[in-house]
Amino acid sequence: TAEDNPFDMHQVTVRVLAFDAGSKSFSYLTPSFFAFTNNGPSEIRTFRPTVAMTTKEILIAAKGEVNRGNNPDDGVDTDPQTTLYTVFTHPDPQEDPTEAVVIPPGVMASAYNAPEGGWSYSLNTSDISSWNHNNGSDQWDGSAIGGVFGDDNRPGGVSLLDGYVRLQDTGDPRDYGYSDSGSNRKIYLGQSISDKGGSDTILNDGATIHFIARIPTDGPLDPLHVDGGGGVEDYPAGGDGYENHDGGKGNIGIKQGAGGNISFSLNEAGKVIITEDGTEFELSTTEWHEFWVTIEKSDGGHTVSVYLDGSTEANVFTVTAGGGSDFGGSYLAMGVGSTGRSGALDVAAFDFAPGVNAPVSGDVGPPAPALSIVNNGDGTVTVTFEGKLQAAASVNGPWADVGGPSPLTVPADEAQQYARAVRE
């Protein structure tokens, strides 16, 4: 302040600056101004400011002693070190620069939160180089689906698409001149979990897997090469699903090092098959579905609890683990690994955690209604809100409805006043 008009107490003043990243310099967007209407050469005091801001509004919080009616000439009438707030419009408002989270077209978002402590393993759908296909149930040549067939691109394969992995076994290309090794007559990928909490008895001890999958019906898909040389056929319009095979192996599975695997296959007849003991349930398998599965030892074999699409109510089955094994130790598997069948699978998520972890839905309901408060500098504030406006003298309430439509201009005549918007 000017030397001929000093203030007796601290007064919070503000100046808004802009930073130029190119020149690494600041420029002034505003002159200095008082943050609070309460200011003057008296016992009025504001100090210890903190700032919070968006690209459109700036909030100043401070401590101090002021006049409740914003009339500093009438003197202080608040308690010592009352918390004060003021909100004003940004002098150079901008749109929110935060990039929106984009979910790839056609891929469902997860409806579940990760278990406490997170997943021990999660599939990276843009990089499957950590998955091993050196096993007896695999003849993948390393090629993607589609393109011109030849020695370096046999029918079928594995493609990394927009947010998911697609695997296709077209049948038995050996009957059409594409010999082993690398005929693509079966594709089966494994991911070790022995160093990720997967003990040698993980199915007995308790395991949780989570996956999002479907049978594809469009996009890059090769024609079928029917086993036995029965001819090349178009990929079925209704999808080409799978069945478990060779000791209970399937599309998605988990195997423990001590022996025993539990796998799931999506079948084109609209059912999900678990192991090879006849356990199955109906589902629209050509649509994306989210599976949360817990597995643990039980008297009759293993108890498999399947939660679907955000539900926290389980479908519970008792199954017999299969004996199929393609790697040492404990591992996850995904594939289409049978020579005698054709099939295709899309996988958008595949996660593992040790222990039996019941799911927690990630559905937190609709977003909170918007609320904006602007200090008009004349003893009033303008409140813009969605839904219904409520006010209270304490952040813990009690809350009372404030009548009137949005935007609403009200006196700022309380030392502390809290507002919230609630849905009607």
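The values are calculated or read from the model by the stated rules, or taken from the named source; none is laboratory data. Everything quoted here is computed from the prediction, not taken from an experiment. Because the Cβ atoms are built from the backbone with ideal geometry, glycine has one as well, and the counts that use them run over all protein chains shown.
Selection within region 228-240: residues that are assigned to a loop (DSSP other than H, G, I, E, B), more than 32 Å from the chain's Cα centre (by Cα) and not charged (D, E, K, R). The member of this set that is surrounded by the fewest Cβ atoms within 10 Å (Cβ to Cβ) is G228. Tell me, yes or no, whether region 313-328 has at least one residue that is out of contact with any Gly (no Cβ under 9 Å at 6 or more places or on another chain), surrounded by 15 or more Cβ atoms within 10 Å (Cβ to Cβ) and outside any strand (DSSP E or B). Yes, region 313-328 contains a residue that is out of contact with any Gly (no Cβ under 9 Å at 6 or more places or on another chain), surrounded by 15 or more Cβ atoms within 10 Å (Cβ to Cβ) and outside any strand (DSSP E or B). Out of the residues in region 169-193 that are in contact (Cβ under 8 Å) with a residue 12 or more places away in the chain and touching a helix residue (DSSP H, G or I) at 6+ places or on another chain (Cβ under 9 Å), state the one that is farthest from L123 (Cα to Cα). That would be D180. Within region 91-100, does at least one residue satisfy the condition of being within 30 Å of M9 (Cβ to Cβ) and either of a type in the set (D, E) or outside any helix (DSSP H, G or I) (or both)? Checked against the condition, which is being within 30 Å of M9 (Cβ to Cβ) and either of a type in the set (D, E) or outside any helix (DSSP H, G or I) (or both), region 91-100 yields at least one hit.
Consider region 44-61. How many of its residues are out of contact with any His (no Cβ under 8 Å at 6 or more places or on another chain) and among the acidic types (D, E)?
Within region 44-61, the first condition is being out of contact with any His (no Cβ under 8 Å at 6 or more places or on another chain), and the residues that meet it are 44, 48-52, 59-61.
Restricting the remaining residues to those that are among the acidic types (D, E) gives none.
Count: 0.
Scanning region 355-381 for residues that are at pLDDT 80 or above and under 36 Å from the mean Cα position of the chain (by Cα) gives G355, V356, N357, A358, P359, V360. Residues in region 241-252 that are surrounded by 24 or more Cβ atoms within 10 Å (Cβ to Cβ) and touching a residue at least 60 places away in the same chain (Cβ under 8 Å): G241, Y242, N244, G248, K249, N251. Identify, from the list E276, E296, the residue that is surrounded by fewer than 24 Cβ atoms within 10 Å (Cβ to Cβ), assigned to a strand (DSSP E or B) and not small (G, A, S). Answer to the selection: E296. Listed by first and then second residue, the pairs linking a residue in region 139-164 that is surrounded by 17 or more Cβ atoms within 10 Å (Cβ to Cβ) to a residue that is in a strand (DSSP E or B) and acidic (D, E), with Cβ atoms under 7 Å apart and 6 or more places separating them unless they lie on different chains, are G156/D169; Y164/D346. Consider region 167-185 and keep the residues that are charged (D, E, K, R) and crowded, with 23+ Cβ neighbours inside 10 Å. The one that is nearest to the chain's Cα centre (by Cα) is D169. Among residues that are assigned to a loop (DSSP other than H, G, I, E, B) and under 39 Å from the mean Cα position of the chain (by Cα), T50 is not included. Residues in region 21-47 that are surrounded by fewer than 16 Cβ atoms within 10 Å (Cβ to Cβ) and outside any loop (DSSP other than H, G, I, E, B): 6 in all.
State whether the residues of region 199-209 include one that is of a type outside the set (S, T, N, Q), over 30 Å from D234 (Cα atoms), part of a loop (DSSP other than H, G, I, E, B) and within 25 Å of the chain's Cα centre (by Cα). Yes, region 199-209 has at least one match. For region 93-106, check the following and say yes or no: at least one residue is of a type in the set (A, V, I, L, M, F, W, C) and surrounded by 19 or more Cβ atoms within 10 Å (Cβ to Cβ). So far as region 93-106 goes, no, none of its residues is of a type in the set (A, V, I, L, M, F, W, C) and surrounded by 19 or more Cβ atoms within 10 Å (Cβ to Cβ).
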